[in-house]
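Worksheet: the structure to be examined is printed underneath.
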Amino acid sequence: MTRTKTLRAAALPAALLGTVALALTGCTTNAADAESSTSAPKADSTRITLTYDGGLLVLDRDLQVVADDAIDGFTRVNPAGDGRHVLVTVPEGFRVLDTAADPALTDAVFPADTGGHAVVHGDRTALFADGTGDVTTFDNTDLDGDALPDARTTESEAAHHGVAIELEDGTLLTTIGTEESRSGVRALDADGEELTRSESCPDVHGEGAVQDEVAVFGCTDGALVYADGAFEKLDAPTEYGRTGNLFTTDTSSVAVGDYNDDPDSEGYLLDQIALIDAASGKYTVADLPDGVGFTFRDLARGPGDEAVVLGDDGALHTFDETSGEQLDSFPVIDAWEGPAEWQDAHPAVKVADDIAYVTDPAERKVHAVDLTTGKVVASSDALPGVPNEIAVA
């Protein structure tokens, strides 16, 4: 049995909040859970959170800076899931940023030793602490001010860089691993009792829930699918075929992920995407245009469930999520080079409804692109620092 505990986490005093901890490279959440704008950035509530070296910015729908808070070092930001709050990784855990009318960092912190991934699925958010393996889950609609909502903490068998997702029926899917390696995923019921597990997903990394609430996890040799209470392994088309980040929606059975078929590759640029159909079991790999690469920050889903890739040629490329056929290409920023380290600032894309938000570190800007027309509909002024991480709420 896995021990779980339900608690009301107390907000930490502001005096305890300091420099930001380094978290490992991120998986993504279900694209359908991201709060967003419409076909142009019209929704007054739309907020874009950006990090830069020494600070944290909040931009409004017109991409104008409405808040600038000092934060030391590299940090990560993830939507909390309620369309208003963002989770900021700090040494004590996940600090809550309120992006509403007067954006501000609250004193509310979900405690975590080396906070890693934050995964939203519906009204539930799962936070993984790499330093302990603890998973904290909560109802994101209960976030309010400096007080944290009731939360449930589930322990892993060992500390590791992991990820978890909670399904609507209370099933918690959480990775299996140690500090040295990761092997698979286990399913726990609401009481923490293990229902089933699979250890056929080496170096598991990346997760999401597709149509009909089927969960998909990335492996170095394919993908692991959880449906109807059981795991199924889908093999990659190559012996080594790593997918480390997955992008899903609740209107498509296809999970879109990055793909690497070379275990000896160097650097962070990739040139293929995986299209994993959890309903049919079909696993397709699509190539980007010749000479075009991208990183884990440059993949998203569009308004028609298409795959959206920000290439190092500076263009947004869209692909049919079933066939892998390229649909369109829109130039947005100048060509760029891959980062020396994954934490280094480099262009990134986040999509909310019809709008793709593209960071432009070279110009210290962010742009809003209407994916239905390919037009840049808004651009920020030069920002106080080089934009790095981005979250939309």
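Structural remarks
- Members of the stretch 185-222 that are part of a strand (DSSP E or B), charged (D, E, K, R) and open to solvent by 20 Å² or more (accessible area, probe 1.4 Å): Glu194, Arg197, Asp221
- Checked against the criteria, Val351 does not count as farther than 23 Å from Asp68 by Cβ, part of a strand (DSSP E or B) and either open to solvent by 30 Å² or more (accessible area, probe 1.4 Å) or free of Cβ contacts under 8 Å to residues at least 12 places away in the same chain (or both).
- If the condition is being open to solvent by 30 Å² or more (accessible area, probe 1.4 Å), hydrophobic (A, V, I, L, M, F, W, C) and within 21 Å of Glu213 (Cα to Cα), then the stretch 277-291 contributes only Ala279.
- In the stretch 136-184, residue surrounded by the most Cβ atoms within 10 Å (Cβ to Cβ) [restricted to those that are of a type in the set (D, E, K, R), touching a Ser or Thr at 6+ places or on another chain (Cβ under 7 Å) and in a strand (DSSP E or B)]: Glu166
- Scanning the stretch 63-121 for residues that are hydrophobic (A, V, I, L, M, F, W, C), outside any strand (DSSP E or B) and closer than 20 Å to Ala147 by Cβ returns Ala80, Ala100, Ala101, Ala112.
- Unmet criterion (only one of (1) without any contact (Cβ under 8 Å) to a residue 60 or more places away in the chain; (2) assigned to a loop (DSSP other than H, G, I, E, B)) for Val358: (2)
The values are calculated or read from the model by the stated rules, or taken from the named source; none is laboratory data. Owing to the predicted nature of the structure, the values given are computational and were not obtained by experimental measurement. Every residue, glycine as well, gets a Cβ built from its backbone with ideal geometry; the counts of neighbours run over all protein chains shown. Ligands, DNA and RNA are excluded from the accessible area calculation, which covers all protein heavy atoms including side chains. Shrake-Rupley method; radii C 1.70, N 1.55, O 1.52, S 1.80 Å.
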